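Visitor: Take a look at this one; I'll ask things after.
The values are calculated or read from the model by the stated rules, or taken from the named source; none is laboratory data. In this text the structure is predicted, and so the values were computed from the model without any measurement. All Cβ positions, glycine included, derive from the backbone under ideal geometry; neighbour counts span all protein chains shown. Keep in mind that these areas ignore ligands, DNA and RNA; they rest on the heavy atoms of the full protein, side chains included. Shrake-Rupley method; radii C 1.70, N 1.55, O 1.52, S 1.80 Å.
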Amino acid sequence: MLSPPVDLDRELSWPAGIITEITPLLPSILAEREATLAFDLSGDRWFSSGPPTSSTKAAHKIINQEMADRRLRVFHATRLLDFDAVRREGLRPLDLEHQINTMRKLLLATGQFVSLSEIDELIAMVDIEGDLFCGREGQVWATPLRRFLHDGGSDVFFKHWGGEAIQRLAAMASPELEVGIQSLGAPAVVTASIPAFGCCSFSDWRLAPTMVGLMLERASLERSREAWDVLVKQAIPAEWIESVLPKDDVTLAG
């Protein structure tokens with residue numbers, strides 16, 4: 001049986017060992033962070049190694065051990081045509097050709113364009129072979145903290161159907177295309193439970209610092225500056241989907 005997912009915004013969901021073992025280390029971790037910051041701003045950084053960070057390293061080791069077999073709750077900002085389809089099928093990584101073809105058909109059905117050829121002429125104005133577009137293929141993105149759903153960075157995903165690649169395409173092609181994808185679907189957040197390690201490309205080196213930063217913040221010692229974008233280079237299957245919610249659902253409040 002799987003353990004309940006760890007929700008970084010809800011400390012009661014964290015493994016108890018993280019709290020009990022790291023809490024006594026927080027004052028020395030804060031001192032290490034301040035010493036490291038002062039060192040990085042000084043000329044000494046060119047001639048000597050930085051100050052010791054034994055407490056920080058110990059905290060990271062504890063987190064990595066406690067989270068090794070746990071799952072992490074993440075939040076995917078999007079605009080959906082069918083909430084139930086995601087519950088049934090999960091989240092698919094970007095297939096740009098498929099997404100463009102879907103967009104063409106959806107836009108034609110709205111009556112905002114007279115033909116597919118009209119849409120195709122606009123799409124042809126953009127070079128979709130570059131990294132700006134193809135670099136997003138095969139990926140699903142999410143955030144591990146609710147605050148980043150509301151900090152302005154996710155607005156584009158709530159306002160435009162199709163994800164970042166389609167939004168870029170539409171914005172570069174024409175105002176008509178951009179207005180068109182803004183009319184599709186409704187803003188939503190998909191919450192999913194993924195393996196804490198081995199699934200997200202950046203968890204190995206970002207999860208522990210983020211959890212330590214959140215502990216410092218909750219102890220009123222320091223405002224957390226740590227976070228990362230969750231990058232999953234595979235489909236997120238339906239069994240990992242926890243909920244599909246309107247973006248203003250109360251459970252998504254930061």
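Visitor: Residues being hydrophobic (A, V, I, L, M, F, W, C), modelled with pLDDT of 95 or more and either open to solvent by less than 40 Å² (accessible area, probe 1.4 Å) or within 30 Å of CYS134 (Cβ to Cβ) (or both): count how many of those fall in region 209-229. If you could, list the steps in order and put the result at the bottom.
Guide: Initially, region 209-229 is screened for residues hydrophobic (A, V, I, L, M, F, W, C), giving 211-212, 214-216, 219, 221, 227-228.
In the following step, the residues that additionally are modelled with pLDDT of 95 or more were identified as 211-212, 214-216, 219.
Subset that is either open to solvent by less than 40 Å² (accessible area, probe 1.4 Å) or within 30 Å of CYS134 (Cβ to Cβ) (or both): 211-212, 214-216.
Of the residues in that region, 5 qualify.
Visitor: If THR102 meets every condition in (1) crowded, with 18+ Cβ neighbours inside 10 Å; (2) out of contact with any helix residue (DSSP H, G or I) (no Cβ under 8 Å at 6 or more places or on another chain) apart from one, which number is that one?
Guide: (1)
Visitor: Could I ask something else about it? Conditions: (1) out of contact with any helix residue (DSSP H, G or I) (no Cβ under 8 Å at 6 or more places or on another chain); (2) open to solvent by less than 50 Å² (accessible area, probe 1.4 Å). GLY198 meets all but one. Number of the miss?
Guide: Going through the list (1) out of contact with any helix residue (DSSP H, G or I) (no Cβ under 8 Å at 6 or more places or on another chain); (2) open to solvent by less than 50 Å² (accessible area, probe 1.4 Å), GLY198 breaks only (2).
Visitor: If you don't mind, there's one more thing I want to ask. Given the residues SER201, SER193, which is the only one that is more than 24 Å from ASP249 (Cα to Cα), touching a strand residue (DSSP E or B) at 6+ places or on another chain (Cβ under 6 Å) and not hydrophobic (A, V, I, L, M, F, W, C)?
Guide: Every option except SER201 fails the conditions.
Visitor: Could you check, for region 165-182, whether at least one of its residues is of a type in the set (Ser, Thr, Tyr), within 25 Å of GLU97 (Cα to Cα) and open to solvent by less than 50 Å² (accessible area, probe 1.4 Å)?
Guide: Initial filter on region 165-182 (of a type in the set (Ser, Thr, Tyr)): 174.
Keeping just the survivors that are within 25 Å of GLU97 (Cα to Cα) gives 174.
After this cut, where a residue has to be open to solvent by less than 50 Å² (accessible area, probe 1.4 Å) as well, the list is 174.
Within region 165-182, one or more residues are of a type in the set (Ser, Thr, Tyr), within 25 Å of GLU97 (Cα to Cα) and open to solvent by less than 50 Å² (accessible area, probe 1.4 Å).
Visitor: Would you mention how many residues in region 230-254 are of a type in the set (A, V, I, L, M), in a helix (DSSP H, G or I) and surrounded by 18 or more Cβ atoms within 10 Å (Cβ to Cβ)?
Guide: Of region 230-254, the ones of a type in the set (A, V, I, L, M) are 230-232, 235-236, 238, 241, 244-245, 250, 252-253.
From the residues that got through so far, the ones that are in a helix (DSSP H, G or I) too are 238, 250, 252.
If we keep only those that are surrounded by 18 or more Cβ atoms within 10 Å (Cβ to Cβ) as well, we get 252.
Number satisfying all stated conditions: 1.
Visitor: Keeping to region 81-98, report how many residues are within 19 Å of PHE133 (Cβ to Cβ), open to solvent by 40 Å² or more (accessible area, probe 1.4 Å) and assigned to a helix (DSSP H, G or I).
Guide: Residues in region 81-98 being within 19 Å of PHE133 (Cβ to Cβ), open to solvent by 40 Å² or more (accessible area, probe 1.4 Å) and assigned to a helix (DSSP H, G or I): 2 in total.
Visitor: Further, regarding this structure: Do we have LEU26 as open to solvent by 40 Å² or more (accessible area, probe 1.4 Å) and outside any loop (DSSP other than H, G, I, E, B) here?
Guide: Numbers: open to solvent by 40 Å² or more (accessible area, probe 1.4 Å): no; outside any loop (DSSP other than H, G, I, E, B): yes.
Judged against the criteria, LEU26 is not a match.
Visitor: Checking GLU89 against (1) more than 27 Å from ARG206 (Cα to Cα); (2) free of Cβ contacts under 8 Å to residues at least 60 places away in the same chain: exactly one of these is not met. Which one?
Guide: Looking at each condition in turn, GLU89 falls short on (2).
Visitor: Return a yes/no flag: does region 231-238 have any residue that is under 15 Å from the mean Cα position of the chain (by Cα), farther than 21 Å from SER3 by Cα and among the aliphatic types (A, V, I, L, M). Quick ask: steps written out before the conclusion?
Guide: Taking region 231-238 and keeping what is under 15 Å from the mean Cα position of the chain (by Cα), we get 231-236.
Adding the requirement that they be farther than 21 Å from SER3 by Cα leaves 231, 233-235.
Pick out the ones that are also among the aliphatic types (A, V, I, L, M) and you get 231, 235.
Looking through region 231-238, at least one residue is under 15 Å from the mean Cα position of the chain (by Cα), farther than 21 Å from SER3 by Cα and among the aliphatic types (A, V, I, L, M).
Visitor: Another question, if that's okay. Condition (residue is out of contact with any strand residue (DSSP E or B) (no Cβ under 7 Å at 6 or more places or on another chain), within 18 Å of VAL212 (Cβ to Cβ) and either part of a helix (DSSP H, G or I) or aromatic (Phe, Trp, Tyr) (or both)) applied to region 66-80: is it met by at least one residue?
Guide: yes
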